[in-house]
Amino acid sequence: MTQLGLRANARQFALLVGLNALVGAMVGLERSVFPLIGRRDFGLHSSAAILAFVVAFGAAKAVTNLAAGSLADRAGRKRLLVAGWVVVLPVPLLIALAPSWWFIVGANILLGVSQGLAWSMTVVMKIDLAGPARRGLALGLNEAAGYLGVAAAAFATGALASAYAPRTVVWVGAAAIAAAGLAISVLFVRDTGRHVELEATAEEPPHDVAVLRTCSQAGFVNNLNDALAWGLVPLYLAAHHASAHEIGFVAAAYPVVWGAGQLVTGWLSDHTGRKPLIAAGMVLQAGALALLALAHGSFAPSLAAAILLGVGTAMVYPTLLAAVSDAVRPRARARAVGRYRFWRDFGFVCGALIAGGGADVASAEAAIVAVAAITAASGLAVAATPWHHLRPRLA
């Protein structure tokens, strides 16, 4: 019998949590070493050229999120999840054999499409299973698993890059993860369309356009500063003579704190409401970026900035998804989440352009300060927005 709730769907929910850790790990493989590969293996000197892989990834993921939201109800969640793993299968080969950096950029287009399908469907399927009462907790668990996967892979590649060729570490890891993710999705995951229909008969919340708009701008800015952390920070630290191990440590600390923190913040948002966590988290992110700029590449303050950035992002990330889900009717949820994730992940594109272009034209510190100011303004915009869904209904 179809039922809503985490306890009633514990087995399938736990499977999707584990699967999302693999989805996150696919991205984490690149996080600490890809910018260095561009500079050292392919001889690129322009930060903007190196960050082209983030632009390609973000654009592909954003557009795929939008399409996935519209297709989810027609094609089915599971089919799109499986398609996401199929799309990523050529990526390890492209990375391993790339004769130029633009093959790496092409691999990241496929990775972005894969993430747009696979991560979107794990998000939507968990929302479907959880029902309205524990939505924040469900999304906290989902995003925690994904970003702990990012962190574990980032730390592993940073550590192994000292002993092995970084490109080899990335493509071998990517091949293993892609094979495991595809097998689990095909053999064990079940579609959740019936759970949507069950929820639709019980609850019809209003469609809150103001909340959807403010969530979209906050998600956009959140990923704008994440693109900077992903693409520019390793180059920034390397320019100040940080070792590969130190860069890997800083690159991993941010998603570790982000991932683990969501175990608390998703649950907390079910009790305190969504808006306070989102507004405060964006302001904290801005402060962390300001500290990073002031650190001038020193390891200890850079690590502290990464930790604070992770805390701020943990406050924001699952809470935004839960707020979007609160603000729409169940049958419109997949499309609304797809639109939100389109704008959120388009922030990768703009963030990479701002970070790369700003670093080339002015300096890395100037780019970081500019993104910090944008992030603070976003948090203030959330605080100023009238918010009718302050506290979700708990069963």
Open item on the list: Of the conditions (1) of a type outside the set (A, V, I, L, M, F, W, C); (2) over 22 Å from Ala376 (Cα atoms); (3) modelled with pLDDT of 90 or more, Arg213 satisfies every one except a single condition; which number is it?
Closed with: (2)
- [ ] Note down all Cβ pairs under 8 Å where the first residue falls in region 336-347 and is closer than 11 Å to Gly219 by Cα, the second is modelled with pLDDT under 90 and of a type in the set (Val, Ile, Thr), and they're at least six residues apart or on different chains.
- [x] Arg341/Val123
- [ ] Taking only region 1-50 into account, find how many residues are farther than 24 Å from Leu141 by Cα and hydrophobic (A, V, I, L, M, F, W, C).
- [x] 10
Task: Filtered residues of region 348-368 (kept if in contact (Cβ under 8 Å) with a residue 40 or more places away in the chain and either crowded, with 24+ Cβ neighbours inside 10 Å or of a type in the set (Val, Ile, Thr) (or both)) - done: Phe348, Val349, Gly351, Ala352, Ile354, Ala355, Gly356, Ala359, Ala364, Ala367, Ile368
TODO: For region 275-295, indicate whether the set of residues that are closer than 30 Å to Asp73 by Cβ and buried (at least 24 other Cβ atoms within 10 Å of the Cβ) is non-empty.
DONE: yes
Task: Residue ID - surrounded by the fewest Cβ atoms within 10 Å (Cβ to Cβ), chosen from residues in region 208-247 that are among the small types (Gly, Ala, Ser) and under 18 Å from the mean Cα position of the chain (by Cα) - done: Ser216
Open item on the list: Quick check on region 79-94: of everything there that is assigned to a helix (DSSP H, G or I) and not aliphatic (A, V, I, L, M), which residue is nearest to Leu182 (Cα to Cα)?
Closed with: Trp85
Task: Pairs, first in contact (Cβ under 8 Å) with a residue 12 or more places away in the chain and closer than 13 Å to Leu93 by Cβ in region 169-183, second assigned to a helix (DSSP H, G or I) and not hydrophobic (A, V, I, L, M, F, W, C), C-beta under 7 Å, six or more apart - done: Val170/Glu30; Val170/Thr157; Trp171/Pro92; Ala174/Pro92; Ala175/Pro92; Ala178/Pro92
TODO: Could you pull out the residue among Trp267, Trp258 that is among the aromatic types (Phe, Trp, Tyr) and over 26 Å from Leu36 (Cα atoms)?
DONE: Trp267
- [ ] Residue by residue through region 262-282, note down the ones that are out of contact with any Ser or Thr (no Cβ under 8 Å at 6 or more places or on another chain), in contact (Cβ under 8 Å) with a residue 24 or more places away in the chain and at negative phi.
- [x] Gln262, Leu263, Val264, Trp267, Leu268, Asp270, His271, Thr272, Ala279, Ala280
Open item on the list: Name the single residue that is surrounded by the most Cβ atoms within 10 Å (Cβ to Cβ) among those in region 66-78 being small (Gly, Ala, Ser) and more than 20 Å from Leu182 (Cα to Cα).
Closed with: Gly69
Task: Residue check for Ala138: surrounded by 24 or more Cβ atoms within 10 Å (Cβ to Cβ), out of contact with any His (no Cβ under 6 Å at 6 or more places or on another chain) and assigned to a helix (DSSP H, G or I) - done: yes
TODO: Of the conditions (1) under 20 Å from Ala159 (Cβ atoms); (2) part of a helix (DSSP H, G or I); (3) of a type outside the set (A, V, I, L, M, F, W, C), His241 clears all except one; give me its number.
DONE: (2)
TODO: For region 4-16, indicate whether the set of residues that are in contact (Cβ under 8 Å) with a residue 24 or more places away in the chain, over 29 Å from Arg134 (Cβ atoms) and assigned to a helix (DSSP H, G or I) is non-empty.
DONE: no
- [ ] Hey, can you tell me all the residues within region 103-156 that are among the aromatic types (Phe, Trp, Tyr) and touching a residue at least 40 places away in the same chain (Cβ under 8 Å)?
- [x] Trp119, Tyr147, Phe155
TODO: State whether the residues of region 79-88 include one that is touching a Gly at 6+ places or on another chain (Cβ under 8 Å), buried (at least 24 other Cβ atoms within 10 Å of the Cβ) and within 22 Å of Arg194 (Cα to Cα).
DONE: yes
Task: Subset of region 315-342 that is surrounded by fewer than 21 Cβ atoms within 10 Å (Cβ to Cβ) and assigned to a helix (DSSP H, G or I) - its residue that is farthest from the chain's Cα centre (by Cα) - done: Arg331
Open item on the list: Looking only at residues that are in contact with an Asp or Glu (Cβ under 9 Å, 6 or more places away or on another chain) and not β-branched (Val, Ile, Thr) in region 122-135, which one is surrounded by the fewest Cβ atoms within 10 Å (Cβ to Cβ)?
Closed with: Ala133
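Conditions tested, residue by residue: (1) surrounded by fewer than 21 Cβ atoms within 10 Å (Cβ to Cβ); (2) among the polar types (S, T, N, Q); (3) on the phi < 0 side of the Ramachandran plot.
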| residue | (1), (2), (3) |
| --- | --- |
| Gly149 | no, no, yes |
| Ala153 | no, no, yes |
| Ala156 | yes, no, yes |
| Leu160 | yes, no, yes |
| Ala165 | yes, no, yes |
| Thr168 | yes, yes, yes |
| Ala175 | yes, no, yes |
| Ala179 | yes, no, yes |
| Phe188 | yes, no, yes |
Task: Breaking point among (1) in a helix (DSSP H, G or I); (2) more than 20 Å from the chain's Cα centre (by Cα), for Gly297 - done: (1)
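The values are calculated or read from the model by the stated rules, or taken from the named source; none is laboratory data. Since this is a predicted model, take the numbers as computed values, not measurements. Neighbour counts are summed over all protein chains in view; Cβ atoms, including those assigned to glycine, are modelled from backbone coordinates with ideal geometry.
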